[in-house]
Amino acid sequence: MVQAKPNNNIEGIWLLWINWVLVAGALSALVVLSLWLSPVLMTLVAFGFQTMFYMIVRVNGRRQVPLCYLLPFLGTRIMFWTGLIMLAVNFLYSPWMIGRVFDMGSINVEIPFITVLIVSPVTLIVSLYAMARGSELGFCENCKARYGTPGERGFLGNLFSQEGRYQLRLMRNLSALLTIASWAYYAFEYVNVSLNQPDRYVFFWAPIAVFLFSIVFTGVRYYGLCNYYTQDVCHGDERTGSSTLVRFLIIWDNYLCVAPPESDPDKIFNPEGRRYDTPATLRLPFRQRISDGEATVFFSHMSHIADPDVRFMYSNMTGNADCNVFHYLVFLTDEQKEMVEKEHPDYRFLTLGEVSKLLNGGEFEVMLSAEVVRLHTIAMAWKTYDREGHRLYKIKHYTPTFRLRDVHKWTVDYNDPGWLRVSRINEDKPFYHLRRWWNRYVSASD
């Protein structure tokens, strides 16, 4: 039965802006509230904002079509470290510590810190760290494990990947500007007696003006993106709308079957791409689920192979607002392989070495790359560790053998994102117990 699926792409675009408004607004509020609140209360405000962002990110994980909450996730980090620094400064300025640490004639007890001098460099450092980690940031890794890679998530996945990097760059640039300006003024112009009018302008009103400008600037940007997407839906011929994509990863012995670039535009997922892909894909009107029997019938009709060995691999059910994707494994016998070669002499059966070379060279379609990486990553994690990341073998850093011919013997669930987390957090990784505890109880990414 054909079912309707809501399109959340417009909502996803606007929520990227809402996320910027939330983070920029919280940073502005933190700066301006310090004009009236005591340093101790400012510490509580920072941790309060951290809790708010933490809850926002947690709630997003329960959405049917999750949206990109990278910026609120970074907001939790910014507010946590800002609050921690404020807490440390307040402790040093406490009655039982201040005389031991500072020269009382050179400090102003009433102004232990100026908020922008803390939050701006913290924001800069957090942004630089996130940019350095890129797609390997733990939050992004968990998102890909749950909902698929950007290529598997369609329009929203590609948009989030692009705009996540853009927002990070913008946050880095603005925080760098405020850090340099505020600390330069503090070093050369500020007199630690009271806050005069120029001080208030530099330390309070200028940062707020910068954040408010960024809100307007990003609002114009995402308004333009919404208009572009709406026109693309209404007038573009390439968008398929809500649909279901079924893909079959074909394995024979220790070889992977692929179609060369553009050898069959009707079956290659991206006909305009000049990369290798699986030769067996099928797009259907949107369906909530597909049974193993139906998948077997689909592949049999496509390949003209009777009784093929088709097994479910995994699905991308919630990460794509345009379509959901079902991935299957197909295991060919020698006779079936000869039939495929006879009907399609242009198809190639690649060894693992050739697969690795083409994959690392970017010659696979994004979907095929995601399937191969998931197959290998989950299989190796399942063969090496238990569900908690403890080694199954006493030999440290021992790596089991991976062979395509063994895949049909394994009982691992490739649809379980828990194995992707195990591949990142296990006993062979530094600080395993600390990272596991942090990922489970502190980080909003899990």
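Numerical summary
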| read-out | value |
| --- | --- |
| Protection proxy ranking, peptides 362-368, 399-405, average beta carbon neighbours within 10 Å, highest first | 362-368, 399-405 |
| Cα principal axis extents for the stretch 304-385, largest first, Å | 37, 29, 28 |
| Under Karplus coefficients 6.51, -1.76 and 1.60, residue-wise ³J(HN,Hα) of the stretch 28-42 in Hz, glycine/proline x | 5, 4, 4, 5, 6, 5, 5, 5, 10, 8, 6, x, 5, 5, 5 |
| Net charge, residue 411 excluded, C-beta distance under 13 Å - Lys, Arg +1, Asp, Glu -1 | 0 |
| Nonlocal amide H pairs with residue 385, under 5 Å, H built at 1.01 Å | 392 |
| Cut-off under 5 Å, modelled amide H: who pairs with residue 309 long-range | 331 |
| Note, ³J(HN,Hα) from phi for the stretch 20-27, Karplus 6.51, -1.76, 1.60, rounded to Hz, x at Gly and Pro | 5, 4, 4, 6, 5, x, 5, 5 |
| Karplus-derived HN-Hα couplings along the stretch 252-259 (A = 6.51, B = -1.76, C = 1.60, θ = phi - 60°), whole Hz, x at Gly and Pro | 10, 6, 10, 10, 10, 8, 9, 9 |
| Net lengthening on full extension, residue 301/residue 98 (0.36 nm per residue, minus Cα-Cα) | 65.1 nm |
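Throughout, read-outs are computed from the coordinates displayed, never taken from laboratory work. This is a predicted model, so every value here is computed, not measured. Virtual Cβ from ideal backbone geometry, glycine too; neighbours counted across all protein chains shown.
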